[in-house]
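Participant: First, the structure itself, so that you have it in front of you.
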């Protein structure tokens, strides 16, 4: 997992926004689901030219993605986290 601007991001499938405690099993993952936050992230990214094809699959890039594509995704995701944290 990596710390990004105050939010935890799990880097294994399914990668997603998570609370301070990562789920230990499917039941905990389901209880921790945040569909509204995932939908907001998808819309936020789309409005910045980044398409998140499967919102619950987490960060996913095409094998054809360039370094610039990855940089754009990371920048948009960081901006999202900063905006969400600032709104809290």
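The values are calculated or read from the model by the stated rules, or taken from the named source; none is laboratory data. Only a predicted model underlies this, so the values are computations on that prediction, with no experimental measurement involved. As a convention, Cβ positions derive from the backbone with ideal geometry for all residues, glycine included, and neighbour counts pool all protein chains shown.
Participant: For the range 43-52, check the following and say yes or no: at least one residue is under 25 Å from residue 21 (Cβ atoms) and in contact with a helix residue (DSSP H, G or I) (Cβ under 9 Å, 6 or more places away or on another chain). Please lay out each step first, then the result.
Facilitator: Looking only at the range 43-52, we keep the residues that are under 25 Å from residue 21 (Cβ atoms), and these are 44, 52.
Narrowing the set further to residues that are in contact with a helix residue (DSSP H, G or I) (Cβ under 9 Å, 6 or more places away or on another chain) leaves 44, 52.
Within the range 43-52, one or more residues are under 25 Å from residue 21 (Cβ atoms) and in contact with a helix residue (DSSP H, G or I) (Cβ under 9 Å, 6 or more places away or on another chain).
Participant: Anything in the range 23-38 that is assigned to a helix (DSSP H, G or I), closer than 16 Å to residue 84 by Cα and out of contact with any helix residue (DSSP H, G or I) (no Cβ under 6 Å at 6 or more places or on another chain)? List them, or say none.
Facilitator: 35, 36, 37
Participant: Quick check on the range 39-60: of everything there that is at pLDDT 85 or above and part of a helix (DSSP H, G or I), which residue is farthest from residue 75 (Cα to Cα)?
Facilitator: The residue in question is 39.
Participant: With the requirement that a residue be under 12 Å from the mean Cα position of the chain (by Cα), over 24 Å from residue 88 (Cα atoms) and surrounded by 14 or more Cβ atoms within 10 Å (Cβ to Cβ), what does the range 53-77 give you?
Facilitator: 60, the sole residue that qualifies.
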